[in-house]
Amino acid sequence: MSNPLMVMYDEEFKQINAVMDKLLREANSKVIFLVDKNGQLISGVGETERFDTTSLASLTAGNIAATGGLAKLIGEKEFSILFHEGEKDNLHISIVAGRVILVVLFDTRSSLGLVRLRVKKASEELTAIFDRLMQKAEEKEKSGETDFPFAEITDDDIDNLFS
Amino acid sequence: MSFINYASREINCKIVYYGPGLCGKTTNLQFVYQKTAPESKGKMISLATETERTLFFDFLPLALGEIRGFKTRFHLYTVPGQVFYDASRKLILKGVDGVVFVVDSQEERMDANFESLENLRENLIEQGYDLDKLPFVIQYNKRDLPNLISVEELRRELNLTHVPDFEACASTGEGVFETLKAVAKLILIDLKKGKQ
């Protein structure tokens, strides 16, 4: 298979959330999401309960995929930053570590310049965490460590899901 | 590519419904949406034209329940079936864990079925996947309509690798859940195998 399984561990999850919390404060933003390029929500901080986060994640990934397709058509590798301006709220979407998407929602209490500046710093920190995460997953796979929850499942477990 | 989150104890998988234009991919998702308990489903999103033809994709998140303390979530996507939306179809296949190919059983759509299945195979290769190695099921849809091709013939022509296949009428829901369960089950079995 072309893509390895994406895995998230507690330790890195906490580190990622800490970076996102800091970005939320420093960029004066309302809510921040981190989404896998395949449309799965990794984490969210801020006023997340106001949003349908699953749909938001899926549409963000679709958006990035579509603009990525456009980029390739004109000979670019990707467009790493997207900005959507609304009447009140704006979305700043950027690709981090080549594989995850950082979505920052902000209003007039912040500005595009401030968000861009803070996102750049946070992206570097997130990239380092994701690099470690990938390395960790690879090492675990090599050493044959099996804390994988599905290795032990039985056919009955699977059947029970559908009963 | 499934996503396993140890922190929130969740596992997420992506299922894509593929097939020729107007074969009933969106109808499959709509039926699943209607018949699923509110606590198990999210909002269904359809990016469609004014005439309700899928423009980019439909999306439906489903929570199936827990396995060994992990919440299993399936994200169902459809592709736009019309031939000229090929660029969009390729994007939606990214990160796919399992594929449902929806066949239009009407005689006049046989060429479209062949073309779409071939297109699926090619687009998967482009993303680095091999259809024969992916969890894959086939659904023979529209079994209630006149001018049908027999299931035996469809099977002979389209199901060359003998994957699980189902007769369906997506508008009444017949066969819809059977198809979904089969592909979900294959994905979970694949996950289990992949790490042993």
Is it true that some residue in segment A:105-113 is assigned to a helix (DSSP H, G or I), farther than 30 Å from B:Arg89 by Cβ and more than 14 Å from every other protein chain (Cβ to nearest Cβ)? yes
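Is segment B:103-114 home to any residue that is in contact with a helix residue (DSSP H, G or I) (Cβ under 7 Å, 6 or more places away or on another chain), within 12 Å of chain A (Cβ to nearest Cβ) and crowded, with 23+ Cβ neighbours inside 10 Å?
Going through segment B:103-114, the residues in contact with a helix residue (DSSP H, G or I) (Cβ under 7 Å, 6 or more places away or on another chain) turn out to be B:103-105, B:113.
Right, trim to within 12 Å of chain A (Cβ to nearest Cβ) and you get none.
Within segment B:103-114, not a single residue is in contact with a helix residue (DSSP H, G or I) (Cβ under 7 Å, 6 or more places away or on another chain), within 12 Å of chain A (Cβ to nearest Cβ) and crowded, with 23+ Cβ neighbours inside 10 Å.
Pick from A:Gly113, A:Gly75: which is on the phi > 0 side of the Ramachandran plot and modelled with pLDDT of 95 or more?
Values: A:Gly113 fails: on the phi > 0 side of the Ramachandran plot.
That would be A:Gly75, the only listed residue that is on the phi > 0 side of the Ramachandran plot and modelled with pLDDT of 95 or more.
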Looking at segment A:1-76, what strands (runs of 3 or more DSSP E) fall wholly within it and have at least 1 residues that are more than 15 Å from A:Arg99 (Cα to Cα) and in contact with an Asp or Glu (Cβ under 6 Å, 6 or more places away or on another chain)? A:31-36, A:41-46
Scan segment B:145-163 residue by residue and report those that are within 21 Å of B:Lys181 (Cβ to Cβ) and either out of contact with any helix residue (DSSP H, G or I) (no Cβ under 9 Å at 6 or more places or on another chain) or open to solvent by 50 Å² or more (accessible area, probe 1.4 Å) (or both). B:Val151, B:Arg155, B:Asn159, B:Thr161, B:His162
Quick one: which residue in A:Leu41, A:Leu73 is surrounded by fewer than 20 Cβ atoms within 10 Å (Cβ to Cβ) and within 23 Å of B:Val96 (Cβ to Cβ)? A:Leu73
Please determine, by comparing only the residues of segment B:48-83 that are more than 16 Å from the chain's Cα centre (by Cα) and either among the small types (Gly, Ala, Ser) or within 14 Å of B:Asn28 (Cβ to Cβ) (or both), which one is surrounded by the fewest Cβ atoms within 10 Å (Cβ to Cβ). B:Gly69
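Evaluate segment B:22-36: report whether one residue or more is at negative phi and part of a strand (DSSP E or B).
Looking only at segment B:22-36, we keep the residues that are at negative phi, and these are B:23, B:25-36.
If we keep only those that are part of a strand (DSSP E or B) as well, we get none.
Scanning segment B:22-36, I find no residue that is at negative phi and part of a strand (DSSP E or B), so the answer is no.
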Checking B:Leu186 against (1) away from every other protein chain (no Cβ under 14 Å); (2) in contact (Cβ under 8 Å) with a residue 24 or more places away in the chain, which test does it fail? (1)
B:Arg73 vs. criteria of a type in the set (Lys, Arg) and in contact with a Cys (Cβ under 9 Å, 6 or more places away or on another chain): yes
Can you find a residue in segment B:138-152 that is under 13 Å from the mean Cα position of the chain (by Cα) and free of Cβ contacts under 8 Å to residues at least 60 places away in the same chain? yes
Scanning segment A:116-151 for residues that are loosely packed, with under 12 Cβ neighbours inside 10 Å and at pLDDT below 80, the one nearest to the other protein chains (Cβ to nearest Cβ) turns out to be A:Asp147
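With respect to A:Asp10, determine if the residue is over 21 Å from A:Gly113 (Cβ atoms), away from every other protein chain (no Cβ under 13 Å) and either modelled with pLDDT of 95 or more or open to solvent by 10 Å² or more (accessible area, probe 1.4 Å) (or both).
Values: over 21 Å from A:Gly113 (Cβ atoms): yes; away from every other protein chain (no Cβ under 13 Å): no; either modelled with pLDDT of 95 or more or open to solvent by 10 Å² or more (accessible area, probe 1.4 Å) (or both): yes.
So A:Asp10 fails the test.
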Of the numbered conditions (1) within 14 Å of another protein chain (Cβ to nearest Cβ); (2) touching a strand residue (DSSP E or B) at 6+ places or on another chain (Cβ under 6 Å), B:Asp130 fails exactly one; give the number of that condition. (2)
Looking at B:Ala87, B:Ala112, can you tell me which residue is on the phi < 0 side of the Ramachandran plot and touching a residue at least 60 places away in the same chain (Cβ under 8 Å)? B:Ala112
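Restricting to segment A:11-50, give me the number of residues that are hydrophobic (A, V, I, L, M, F, W, C), without any contact (Cβ under 8 Å) to a residue 40 or more places away in the chain and over 25 Å from B:Val16 (Cβ atoms).
Of segment A:11-50, the ones hydrophobic (A, V, I, L, M, F, W, C) are A:13, A:16, A:18-20, A:23-24, A:27, A:31-35, A:41-42, A:45.
Among the residues that remain, those that are also without any contact (Cβ under 8 Å) to a residue 40 or more places away in the chain are: A:13, A:18, A:24, A:41, A:45.
When the remaining residues are screened for being over 25 Å from B:Val16 (Cβ atoms), the result is A:13, A:18, A:24, A:45.
Of the residues in segment A:11-50, 4 are hydrophobic (A, V, I, L, M, F, W, C), without any contact (Cβ under 8 Å) to a residue 40 or more places away in the chain and over 25 Å from B:Val16 (Cβ atoms).
Among B:Leu120, B:Leu124, which is open to solvent by less than 10 Å² (accessible area, probe 1.4 Å) and at the interface with chain A (Cβ under 10 Å from one of its Cβ atoms)?
Values: B:Leu120 fails: at the interface with chain A (Cβ under 10 Å from one of its Cβ atoms).
Just a single option satisfies the conditions, and that option is B:Leu124.
The values are calculated or read from the model by the stated rules, or taken from the named source; none is laboratory data. Treat the numbers as computed from the prediction; the structure is a model and nothing was measured. Don't worry about glycine lacking a Cβ; one is built from the backbone with ideal geometry, like all the others, and counts go over all protein chains shown. Accessible surface is based on the protein model in full, side chains and every heavy atom, while ligands, DNA and RNA are left aside. Shrake-Rupley method; radii C 1.70, N 1.55, O 1.52, S 1.80 Å.
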